[in-house]
Amino acid sequence: MLSASTASTAGSSAKSSDLLNSRSIQHVVVLGANGAMGAGSGALFTTAVPRVTFLARTKEKADGGLAAAIKMVRSSTVANRVETGSYGADFDRAVAEADLIFEAVTEQLDLKREFFERIDKVRRPDSIVATVTSGLSINLLAEGRSESFRKNFLGLHFFNPPNVIVGTELIAGKDTDPKLVDFIDEYCTKLLGRAMVRTADTPGFAGNRVGFKVLNECAILAEEHGPLLIDELIGPYTGRAMTPLATIDLVGWDIHRAIVENIYELAPDEAHETLKLPEYMADLMAKGVLGRKTGAGFFGKDDAGEPIVLDPKTRKYTQKSAIPRPELPFIEEISELHRVGRYRDGMQAFVAATGPYAAIAQKVIAGYISYSFHRVGEVTDDISGIDRIMGYGFNWAPPSILVDVIGLKPSIQMIEKAGLPVPPALTNAQEGTMFFRDPQVNVGKFFVAA
Amino acid sequence: MAQVPEVYVLGGYQTDFARNWSKEKKHFVAMMREAVSGALEKTQIQPSEIDVAHTGNFAGELYSKQGHMGAFFLEIDPAFSGLPTSRHEAACASGSIALLAAGAEIEAKRYDLACVVGVEQMKTVGAGEGGDFLGTAAWYELEAQGVEFPFPKLFGKLGDEYDKRYGLKDEYLAGISTINYANAKLNPNAQTRTWYMNYDHAMSRDEFNGNIGGRINISDCSQVTDGAAAVLLASAEYAKKWAERVGVPLESIPRIKGWGHHTARIRFEDKIAESANHEYVLPHVRATITDAQKRAGIADSDGIDGIETHDCFTTSEYMAIDHFGLTAPGESWKAVEEGAIALGGKTPINPSGGLIGAGHPVGATGVRQVLDSHKQVAGEADKYQIDGAKNVQTLNIGGSGTTSVSFIIGT
């Protein structure tokens, strides 16, 4: 047993070093280095690359990105490997010299395409071009570009903040060189410490497709039940660090809209209605409500610093302390079980819980499992890709972990009870099948006591 | 020394040291449960097979207002009802003391299969309060009371003593820190695996690498960590049956081939006074290491393929290098400069990342070191594997070099 595993490690490491040596990345140019994703990704590249150029509209903005990067990773030494410049003065020279051009400009198709056109004119034919887009089509972004550009172009979706969240999606376009995809996969795994997931070029790729479906469904449910109750029902005890509506506030309502509208429009699937942006969100966005960055979204604080909560029906805010909280004894029971590490017992109590509130929570979790498994073959080759991005990218209990701790049969029953399609992967599985197969992940870490 | 019965290490499990269990709102029993369940699953052993259980923990009374931590084994699985349990404490060496006790009981043929878990939940309090709690590992009244972060200061003095006797440059301490952080990036359970670190950062002295006291900066320190590690120790009789069951030859199962255990006076200045005319700064640490090698029938550190040492600070690893005999006394810097202690070097130290890189949940550290040594010898350390490791030695230290324990794990 021991010798066999050692032999296979030796074999794969030889192959891995061949792959890593197939290209060399000594200079990275980051476009949009003043944004959070640009600055954070730029800092990440300095851990493996001796020279990283931060570019923005002005040199001052690029300098601001470097200052942000330093603060983000808490090390002034980032500056030792970074030079800054502007699109006007430095773009052509820097891009022509770069081994990897990393695009992190604002998430707008036309804007990104303008940049790619400009890159195409000055880049070396062998340089790599990567976009950090969180869901725009890689093929669409590459349209009209030269053959060498399309061959060397791919999506490299880091999650924010990239120095903390290691989950990363890797998306090839139809013309991307498969050898380049293998190289970037290996490079990011070995040299940047990423947990890589290859996804298809589908709207929202894997993570945002599944994650924002759940988030948007919670936003829809908030209209009837209120944000406070929904965030408690689909709270940390269901397998996540942050509650869903607080997550939308943090991400920003505008980003949420861009992601769900893109999926709703381009990927009509069996859960189409749960991806429709609620009208109250559109109304409030028109009035400038964008979540935490504008002071309030679902949650905020009044002038006296007291917590307030949105009432989606009236579009007005109410004092949190004035909102009645129904008795939710099942959440308390499950939390007590999670607190002492009895996660299986906790999640089995979850599926066994009765009453209208438990039914809401069960429906969302059932939807998450059903939707995830139904995306296999469409966004990733197998469920492990979706598991990895939900775990490493969203810090949510991956769907397979939920099925494992709940149990196969009770999981199927929960999905049926919610009136949702049961994935064939579950129906066809033998009782006792364990779906989650990443020994490096502590299953218990996702189940937070309330 | 007299022939004693073998103690086999069947395997174990550690929790991800990057987790914050207070943020997860969990009781430390959840940590014990994950570590023990993980160890049982990894080794394919049923809970009912365990004969005895030992917990290593330093300061549950302070961090969680809970003593009597051996008893919490019974909260892990109903099959543990009636199991004999105990808790062991010797500051940061608590985990190793628990292992020594479990090993001794197997040698005495009282039991065939022991579960040892080390556990510490430290993030229940802020940095200042936690630093004060750690001060109880020194002579609190004389060395820690009213002192902000007493331990960095004590281990800063260890560096000062080296400087006085032999000379010591910061660049070597920075080198030690850099290697530990680099190794941690290869360890999926290491607390700092995503942290930003390089040699220049370890040498920097600005707000991001602030001074903690004396010559100790943030990059010289081990971490405040929540974590647990569990291992299963077995008699030859049990190991034989287990080997058949899981289909491995008995000879391939790592054993505790040797151990050492000494205690020095608790106050740092008393230790230093005692060693004034000695070639080693902490002679009892040296004796702990050489005792383990003698018991294992290993002449010196040339027979050791790797080390998991107690780098609570870079100065403690600097001390360990010459105390292990990797260099002549006072010449530890040579091993740093030549790369001998880096992964791929002659005798890699802390391929796991050690206490600086992997993290330091105080009562769990000794158990984690033995578990990592087991992984090395079994060829299961994956990205931080030392090629062909046959013998790996640990050094676990409680207090300012006060209680020292060393194990040699090998086949």
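No lab work stands behind these numbers, since they all come straight from the coordinates. Quantities reported herein were computed from a predicted structural model and do not represent experimental measurements. Because the Cβ atoms are built from the backbone with ideal geometry, glycine has one as well, and the counts that use them run over all protein chains shown.
Using a Förster radius of 45 Å, what is the FRET efficiency between B:Thr124 and A:Ile323 based on their Cβ-Cβ separation? Nearest 0.05, please.
0.90
Give or take rounding to whole Å, what are the principal axis extents of the alpha carbon atoms in chain A, in descending order?
Projected onto the principal axes, the Cα atoms of chain A cover 64, 64, 40 Å.
Over what distance in Å are the Cα centres of segment A:295-358 and segment B:116-181 separated?
After rounding, the separation between the Cα centres reads 42 Å.
Can you sort B:Val224, A:Val95, A:Val379 so the residue with the fewest Cβ neighbours within 10 Å comes first?
On the way: B:Val224 20, A:Val95 24, A:Val379 27.
Arranged by neighbour count, lowest to highest, B:Val224, A:Val95, A:Val379 become B:Val224, A:Val95, A:Val379.
Summing Lys, Arg as +1 and Asp, Glu as -1, what charge do residues with Cβ under 12 Å from the Cβ of B:Met203 carry, B:Met203 excluded?
Cβ neighbours under 12 Å give a net charge of -3.
Quick one, can you get me the convex hull of the C-alpha atoms of segment A:207-446 expressed as volume per residue in Å³? Could you put the intermediate results ahead of the total?
Values: hull volume 30.2 nm³, N = 240.
Hull volume over Cα atoms, normalised by residue count, gives 126 Å³.
Which of the lysines could a cross-linker bridge to A:Lys287, judged by Cα under 19 Å and excluding same-chain residues fewer than eight apart?
Correct list for A:Lys287: A:Lys301, A:Lys313, A:Lys316.
Hey, what angle do you get for helix A:109-122 against the long axis of chain A, alpha-carbon based, 0 to 90 degrees rounded to 10?
With both axes taken from Cα atoms, the answer is about 20 degrees.
Relative contact order, percent, of chain B when contacts are C-alpha pairs under 8 Å separated by at least 6 residues?
That works out to 25 percent.
If you consider only alpha-carbon coordinates, what radius of gyration and Dmax does segment B:187-289 have, in Å?
According to the Cα coordinates of segment B:187-289, Rg and Dmax are 21.4, 58 Å.
May I ask for the net charge around B:Pro254, where only other residues with Cβ less than 14 Å from the Cβ of B:Pro254 are counted and Lys, Arg are +1 while Asp, Glu are -1?
On the way: positive: B:Lys42, B:Arg255, B:Lys257, B:Lys375, B:Lys390; negative: B:Glu6, B:Glu251, B:Asp305, B:Glu308, B:Asp372, B:Glu380.
Once positives and negatives cancel, what remains is -1.
At 10 °C and a viscosity of 1.306 mPa s, what translational diffusion coefficient does Stokes-Einstein give for chain B, taking Rh as the Kirkwood radius over Cα pairs? Give it in µm²/s as a whole number.
It comes out at roughly 76 µm²/s.
With θ taken as phi - 60° and the coefficients 6.51, -1.76 and 1.60, list the Karplus ³J(HN,Hα) couplings across segment A:399-414 in order, rounded to whole Hz; mark glycine and proline as x.
Computed from phi, the couplings for segment A:399-414 are x, 5, 5, 4, 4, 5, 7, 6, x, 4, 5, x, 5, 4, 4, 5 Hz.
Looking at this model, which pairs from B:Lys42/B:Lys383; A:Lys174/B:Lys383; B:Lys240/B:Lys346; A:Lys15/A:Lys112; A:Lys71/B:Lys334; B:Lys169/B:Lys257 are more than 24 angstrom apart at the alpha-carbon?
Over 24 Å apart, Cα to Cα: A:Lys174/B:Lys383; B:Lys240/B:Lys346; A:Lys15/A:Lys112; A:Lys71/B:Lys334; B:Lys169/B:Lys257.
Tell me the Rg and the Dmax, in Å, that the Cα atoms of segment A:12-199 produce.
Gyration radius and largest Cα-Cα distance of segment A:12-199: 15.1, 46 Å.
Size of segment B:176-229 along its principal axes in angstrom, Cα-based, largest extent first?
The Cα atoms of segment B:176-229 stretch 32, 20, 17 Å along their principal axes.
So what is the calculated 222 nm ellipticity per residue for the protein assembly as shown, using -39500 (n - 2.57) for each DSSP H run with n of 4 or more, over all residues, to the nearest 500 deg cm²/dmol? Before the final figure, lay out each step's value.
Values: 34 runs with 364 residues, N = 861.
That comes out to -12500 deg cm²/dmol.
Using only Cα atoms and rounding to the nearest 10 degrees, what angle (0 to 90) does helix B:94-107 make with the longest principal axis of chain B?
That helix lies at roughly 40 degrees to the long axis.
Quote the relative contact order of segment B:1-65 in percent (integer), defining contacts as alpha-carbon pairs under 8 Å separated by 6+ residues.
It rounds to 35 percent for segment B:1-65.
Working only with C-alpha atoms, what are the Rg and Dmax values of segment A:209-264, expressed in angstrom?
Looking at segment A:209-264, its Cα Rg and Dmax stand at 10.7, 30 Å.
What's the center-to-center distance, using Cα atoms, between segment B:359-411 and segment B:51-113 in Å?
A separation of 19 Å, based on Cα centres.
Label B:Glu237 and B:Thr263 with points 7 Å out from Cα along Cα→Cβ: what is the distance between them in nm?
3.2
Tilt of helix A:253-266 relative to the longest C-alpha principal axis of chain A, in degrees (0 to 90, nearest 10)?
Here the helix axis deviates by roughly 90 degrees.
For chain A, what's the relative contact order in percent, using C-alpha pairs closer than 8 Å and at least 6 residues apart?
12
Calculate how many DSSP beta bridges within the protein assembly as shown are antiparallel, expressed in % of all such bridges and rounded to the nearest 5. Could you put the intermediate results ahead of the total?
Details: 46 of 87 bridges.
Around 55 percent of the beta bridges assigned by DSSP in the protein assembly as shown are antiparallel ones.
For a quick protection proxy, order the peptides A:391-403, A:290-302, B:284-296 by their average other-Cβ count within 10 Å, most packed first.
Descending mean neighbour count gives A:391-403, B:284-296, A:290-302.
Which value, in Å to one decimal place, does the Kirkwood hydrodynamic radius take for the protein assembly as shown when every pair of different Cα atoms is included?
28.7 Å is the Kirkwood radius here.
Please list, by residue number, everything in segment A:383-417 whose backbone N is under 14 Å from a paramagnetic label point 7 Å out along Cα→Cβ of A:Asn428.
A:383
Please list, in chain and number order, the residues 5+ apart from A:Tyr317 or on another chain whose amide H is under 5 Å from its amide H, with Hs placed from the backbone.
Amide H neighbours of A:Tyr317, under 5 Å, 5+ apart: A:Asp311.
Quick one: net charge around A:His157, please, counting Lys, Arg +1 and Asp, Glu -1 for every other residue with C-beta under 12 Å from its C-beta. Walk me through the numbers before you get to the answer.
Details: positive: A:Arg194, A:Arg198, A:Arg209; negative: A:Glu103, A:Glu107, A:Glu169, A:Asp201.
Net local charge, A:His157 excluded: -1.
Ranking request for peptides A:151-163, B:208-220: highest mean number of other beta-carbon atoms within 10 Å first, then the rest in descending order.
Listed from highest to lowest mean packing, they are A:151-163, B:208-220.
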